Amino acid sequence: MNRKTFIKQLSVVGCAVPFLQNSPFLKHASEDDFYKKVVEANAKELARLTLALSQPIKQLRRSLGFDLANLSAGYVEPTSRYFRQPEVLGMMEKIMSFLEKEQKPDGTLDFGNLSSPPDTAFIIDPLCAAARIIKNEPSLQSIFGQLQRFIQKACGQLTVGGVHTPNHRWVVSAALAKANSLFPNPAYVNRMNEWLSEVVFQDKDGVYLERSVTYAEVVNRSLIFMAHYGGKTQLLEKVKKNLTWLYYCMEPNGDMVTVQSRRQDAFMLRLITEFYVHYRYMAIQQNDPLFGAMVQFIETMPNFQETVEKDLLYYMLENPLLKKTPTNGSLPLVYEKKFDGISLLRKRKNSESLYLFAGADWPIQVASGRSTNPNFFAYRKGQAILKHIRLSTSFFSTGYFRGKGIEKTAKGYRIGQTIEAPYYQPLPNKYKKADGDYQLSQSTDGRFWNKMDFEHRPVSNVQTLKTEIVYEEKDQKQLLHLIVNGPEGVRVVVELCFHEQGELARCVPSSANPTDHFLPEGYGQFKAGNDTITFGPGVKKHESIRGLEGELYSTHFGTLRTNGRYVFLTSICPFQHTLEIY
């Protein structure tokens with residue numbers, strides 16, 4: 001399955017996952033029964049591949065490696081209806097012939113990125129799995145030989161080639177560890193050790209550099225492979241810390257909090273199902289009851305068979321440890337956790353959960369690798385989902401509020417931001433140029449660029465906007481005390497975005513766009529299934545709700561608008577308002 005298809009399916013299943021509420025203690029199915037389900041899931045996947053591979057392979061994609069691993073597993077598993085079936089052999093030969101044709105002389109492949117060592121490393125993982133599975137199968141020795149040549153040629157480049165991102169270092173290292181366990185080569189070990197000498201960063205809460213759920217999966221998988229196949233067992237402690245943090249980033253239905261990410265998933269839906277194999281491995285390897293409970297919970301999710309179970313046979317045949325039954329355990333359903341390194345607060349009480357976020361990277365710049373998400377609050381109550389709250393003002397087109405850290409208060413938490421927007425005086429004489437051609441530079445407040453040599457200009461008429469948001473829970477209500485102080489007349493907009501699956505009540509549709517709503521007064525409601533979120537009181541002092549992103553985005557005709565049902569509270573500076581959510 002390609003990435004776009006997987007993401008599309010996640011958006012469909014995200015709200016349909018059963019909630020884990022009053023039964024935190026989970027118990028596993030018997031080992032034999034579960035393995036039978038795994039074999040059957042693989043057979044269904046092979047039936048799909050039989051149809052798909054009846055046509056010519058037209059495009060190089062990473063999934064071909066997983067297809068080969070799944071075909072290998074079905075072919076060698078005695079209880080499978082595809083055991084040693086000639087059509088499976090034919091499909092394996094077809095994939096290997098295509099991969100050999102696509103492999104470049106230096107051993108790399110083109111996966112969007114051209115001649116990419118790290119992207120090539122991604123496919124080496126399942127190809128090594130396939131090689132390990134068929135290594136002792138007499139009828140597959142020709143394909144094993146093809147795999148060996150392909151893997152060794154690719155790894156020749158992985159021992160010298162470069163990377164782009166933090167996680168690429170560990171993907172390449174993991175591929176070399178797996179290849180070395182099959183085809184020993186000191187160069188593979190040396191390169192892995194060289195990358196590891198840079199150290200896998202992790203903050204005290206277990207968060208990796210990219211702060212991403214998507215790439216946490218990549219890093220955890222890579223560290224597990226290096227531990228299991230490369231002897232780097234000390235890396236498992238990092239995996240354990242990260243998987244624990246990920247649990248507290250999981251919503252009751254299995255959706256993941258991604259607001260803190262420095263990568264593209266900051267605005268995407270991700271599911272805990274992606275971490276199933278990690279939790280299973282660590283639950284068994286370390287006899288961890290929390291991870292064992294996570295394994296059982298993920299198995300209840302409606303997309304489990306389609307996105308996870310179909311690949312499990314090859315994982316289990318590659319690493320028989322995964323066949324064992326994880327220990328039973330329970331999941332904490334009531335907690336309050338503050339993650340200081342990323343300024344993220346997580347709270348949960350059974351089917352209710354929320355986050356408060358103030359951990360964007362400053363200065364705000366639109367670039368992969370920087371955290372810029374303006375969502376500062378989100379709340380869930382069963383199936384009713386308030387996806388995010390944002391706050392924006394008309395103050396010099398600076399756009400959305402983004403807090404700078406979370407401060408604990410006597411009753412709750414405080415986040416805030418102060419923005420200064422100056423005007424610029426003439427340059428001192430010593431910086432003036434005869435031709436008037438001054439340095440192209442960024443304004444001192446970071447809002448724009450011009451050939452004005454801003455660095456050397458005195459400033460004056462400095463305007464200031466101070467925003468403070470204080471969160472507390474009182475009488476089973478979530479309270480947000482919103483305070484915006486700045487020049488009189490600055491417009492303020494509080495943006496609430498609810499999930500597409502649900503209905504708004506007591507709100508007034510905008511005349512400009514029926515998907516936008518105002519709450520002039522009183523309390524609005526959002527209903528989904530049997531659950532209702534009530535919010536208010538409302539306020540409406542203007543209808544200026546466009547261009548909320550600010551000049552940084554509007555200059556490039558960009559938007560941060562997401563799917564959902566929008567409600568806006570609007571006012572004017574100075575602004576003080578307490579928003580109740582329950």
- [ ] May I have the extent of the alpha carbons of segment 360-490 along their three principal axes, as whole Å values ordered from largest to smallest?
- [x] 67, 33, 26
Task: Rotationally averaged projected area of segment 48-157 (alpha carbon convex hull; nm²) - done: 6.4 nm²
Open item on the list: Quick check: the distance between the Cα centres of segment 528-579 and segment 461-481, to the nearest angstrom?
Closed with: 15 Å
Open item on the list: Out of the trypsin sites (Lys or Arg not before Pro) in segment 195-299, which ones are loop residues according to DSSP with at most 13 other C-beta atoms within 10 Å?
Closed with: K204
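Return an integer: the convex hull volume of the alpha-carbon atoms of segment 502-582, in Å³ per residue.
Working: hull volume 9.1 nm³, N = 81.
For segment 502-582, the hull spanned by Cα atoms encloses 112 Å³ per residue.
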Task: For H517, residues with placed amide H under 5 Å, excluding near neighbours - done: S510, Y566, V567, F568
- [ ] Could you work out how far helix 186-196 tilts from the main Cα principal axis of the chain, as a 0 to 90 degree angle to the nearest 10?
- [x] 20 degrees
- [ ] Tell me what the chain gives for mean residue ellipticity at 222 nm when only DSSP H runs of n ≥ 4 count, each as -39,500 (n - 2.57), the sum divided by the residue total, rounded to 500 deg cm²/dmol.
- [x] -10500 deg cm²/dmol
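Under 37 °C and 0.692 mPa s, how fast does segment 184-331 diffuse according to Stokes-Einstein, given a Kirkwood radius computed over C-alpha pairs? Answer in µm²/s, whole number. Each step should come with its number before you reach the end.
Values: Rh = 16.0 Å.
Estimated via Stokes-Einstein, D reaches 206 µm²/s.
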Open item on the list: Counting pairwise Cα distances across the chain, what percent come out greater than 40 angstrom?
Closed with: 36 percent
TODO: Could you work out how far helix 31-52 tilts from the main Cα principal axis of the chain, as a 0 to 90 degree angle to the nearest 10?
DONE: 90 degrees
Open item on the list: Given an 8 Å cut-off on Cα distances and at least 6 residues of separation, report the relative contact order of segment 186-276 as a percent.
Closed with: 29 percent
Open item on the list: As a quick test, which of the pairs K36/K94; K338/K477; K238/K338 have an alpha carbon distance above 26 angstrom in this structure?
Closed with: K36/K94
Open item on the list: Please compute, over every Cα-Cα pair in segment 31-328, the percentage with a separation greater than 31 angstrom.
Closed with: 26 percent
TODO: Specify the inter-centroid distance of segment 162-228 and segment 72-130, based on alpha-carbon positions, in whole Å.
DONE: 21 Å
Open item on the list: I'd like to know how segment 426-481 sits against the 2.2 N^0.38 Å rule of thumb: what's its Cα Rg over that expected value?
Closed with: 2.05
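If you wrap segment 287-415's Cα atoms in a convex hull and average its projection over all directions, what's the area in nm²?
Values: hull surface 47.6 nm².
Over every viewing direction, the Cα hull of segment 287-415 projects on average to 11.9 nm².
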Task: Cα long-axis angle, helix 166-182 against the chain (0 to 90 degrees, to the nearest 10) - done: 10 degrees
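Readers should treat all values here as calculations from the given coordinates under stated rules, not as data from a laboratory. Every value quoted in this text rests on a predicted model; they were computed, and no experiment measured them. Don't worry about glycine lacking a Cβ; one is built from the backbone with ideal geometry, like all the others, and counts go over all protein chains shown.
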